[in-house]
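Inspection log for the structure reproduced underneath, given as structure tokens.
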Amino acid sequence: MLTYSDFVKCGDDESKIITFIEQAINDFKNSKNYKIADRAMKYYKGENPDIAAIEKIIYDMKGIAHQDLVSPNNKIRNGYYPLIIDEAVSHLLANGVSFSTPSKKEKLGADFDDVTKHIYCEALNCGCSYGFFNGEKTIKLPYLQTIQIVDDYSGALRVCIFFSQIAIDKPLMVTLYEKDGFTEYVKENNEGMKVKTPKQPYSYKVLSNIAEGDYYQWTEEQISDLPIIPMYAPKKQSMIIGSLEILIALDLMASQLVNNVSQAELIYWVLKNYGGMDDIADASFIINLIKSHVIHVDDEGSAEPHQLQVPFEANNAAFARLKSMLFENMRGVNHEVMDAGNLTATAINSAYSRLRNFSGLAESDVFEYIRGIMELANIDSNETFTVEYNETINATEGINNAIASAQWLGDEATTEKLVMLNGLGDKLEEIQKQRAAEQIKQFSQGGNEPTGE
């Protein structure tokens, strides 16, 4: 594992830095964390690589294995993993991050909420993801293309290497992020890596002219730290860990069930006293049967049809149990149960308990990331922000409960609750101002102006 002290030893020698970068990329791609993250992202995209790699084999009389090209080999891929991940992201961040001072949130970019969702989603898949703040907005740096170079003693992020290559026969592009700026490198086919753009500072201002439009001009001002903040998943590991074996088993069971059904569609015929028939005669028998539906047998012969019975009920029960285990392991919400009827708010609350606990745990990691981005954007650390969990609710019951609790919650808290229940969280501030204006108007019209006593 390469660390910051190894990087410092390179000094200003570009050849040593390039060697360091190439070794870091090679070590990263061969690491256990990279392989787990790559596998998780494939499952998230619906590729399910494990079932895709399985081939059916048969053994001949000598015990030699051969690929089975005759039996059905359907490969069914379940989509539960991305479903659970997407709901976890939606549960925590679908309503966005609400800042106590909305104008300060604007400093993070208009798409801050959307980028944060993407980073959190990738963090759940890979165990970690990164946000790069360029002075105006946050940009996601994918985990599978970003390498941390950490401090030997504290483990703090000191240097980042970002690499990208659209195809194996295309150039490898690398950006080295240091505290005082970034350097771009390129590696063309059959050529060594070289500097593409010398080190540039991070701070800039936007200029514009008719010919070029908007463009950046780098300034001498420097930010106080590396403008890259990692966001970690709970336990700093991929959500697929501990559930991968269940995902593989579900794919296998679904595939085997379909294959067994496909194979059992044919009726197997047992022909008595026809031992002299060869493969050609057998094929002719089936063809004539399909054409005419008539069987001719001798006096001493007979033909009996048999059909395989697929153990569907047992297979289905085992599949349902594995699916339940998957949702329990990954803190997912089983909506099959919730969709069964008009559940009460208490029942819905219970169904979300595991996911709510998980979001509460993940919230600390997400908030730590947001505070890091705020620091880069020079936003006061005392600025508060919150998230509103996104859950399926019994809307009528929820609204009635909020109204019934108004005398204890107060007008402001009740208004906020009702706004959230009606899906108008983004208009909360506007609605509160409108209600305040209406109350002032009503107070004035009543003639009960304050006396100042």
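With θ taken as phi - 60° and the coefficients 6.51, -1.76 and 1.60, list the Karplus ³J(HN,Hα) couplings across the stretch 177-184 in order, rounded to whole Hz; mark glycine and proline as x.
With coefficients 6.51, -1.76 and 1.60, one gets 9, 10, 4, 9, x, 10, 10, 9 Hz.
For residue 170, give me every one of the lysines with a C-alpha distance below 16 angstrom, ignoring sequence neighbours fewer than eight places off in its own chain.
Result set, ordered by chain and number: 187, 194, 196.
If we sort 92-99, 320-327, 401-408 on the protection proxy, mean other Cβ atoms within 10 Å, highest first, what's the order?
92-99, 320-327, 401-408
Going 7 Å from the Cα of residue 300 in the Cα-to-Cβ direction, what parts of the stretch 272-294 have a backbone nitrogen less than 13 Å from that spot?
272-276
Compute the FRET efficiency between residue 324 and residue 375 as 1/(1 + (r/R0)^6), taking r as their Cβ-Cβ distance and R0 = 41 Å, and round to the nearest 0.05.
It comes to 0.45.
What FRET efficiency would be calculated for the residue pair residue 101, residue 431, taking the C-beta separation as r and a Förster radius of 22 Å, to the nearest 0.05?
0.80
Please give the peptides 355-362, 231-238 ranked by average Cβ packing (other Cβ atoms within 10 Å per residue), highest first, as a rough proxy for protection.
231-238, 355-362
Based on Cα coordinates alone, diagonalise the gyration tensor for the stretch 35-139, multiply each eigenvalue by 5, take square roots, and list the semi-axes in whole Å, largest first.
Semi-axes (√(5λ), whole Å): 46, 13, 9.
What residues have an amide H closer than 5 Å to that of residue 159, excluding those fewer than 5 places away on the same chain, when H is modeled at 1.01 Å from N in the peptide plane?
149
If R₀ is 56 angstrom, what is the calculated FRET efficiency for the pair residue 282 and residue 173, using the beta carbon separation as r and rounding to 0.05?
0.35
What ranking of 300, 328 comes out by heavy-atom accessible area, probe 1.4 Å, highest first?
Ranking 300, 328 by accessible area, largest first, yields 300, 328.
Assigning unit charges at the beta carbon (Lys, Arg +1; Asp, Glu -1) and nothing else, what dipole magnitude in debye, to the nearest 20, does the stretch 72-206 show about its Cα centre?
140
Give me the one-decimal nm value for the distance between modelled label points at residue 29 and residue 134, 7 Å along each residue's Cα-to-Cβ direction.
Each label point lies 7 Å from its Cα, and together they span 2.6 nm.
In nm, give the distance between the simple-model label positions of residue 194 and residue 404, each being 7 Å from the Cα along the Cα-to-Cβ direction.
Label-label distance for residue 194 and residue 404, simple model: 7.6 nm.
As a test of understanding, state the convex hull volume per residue of the stretch 68-194 from its alpha carbons, in Å³.
It is 219 Å³ per residue.
Residue 258 to residue 440: extension gain in nm, 0.36 nm per residue of separation minus the Cα-Cα distance?
58.7 nm is the gain from fully extending residue 258 to residue 440.
So what's the net charge close to residue 370: Lys and Arg +1, Asp and Glu -1, counting the other residues with Cβ under 12 Å from its Cβ?
-3
Leaving ligands, DNA and RNA out of it, work out the accessible area of residue 380 with a 1.4 Å probe and give it in Å² to the nearest 10.
80
The values are calculated or read from the model by the stated rules, or taken from the named source; none is laboratory data. These numbers were taken from a predicted model, which means no experiment stands behind them. Quick reminder, even Gly has a Cβ in these numbers, built from the backbone with ideal geometry, and neighbours come from all protein chains shown. These accessible areas exclude ligands, DNA and RNA; they are computed on the full protein's heavy atoms, side chains included. Shrake-Rupley method; radii C 1.70, N 1.55, O 1.52, S 1.80 Å.
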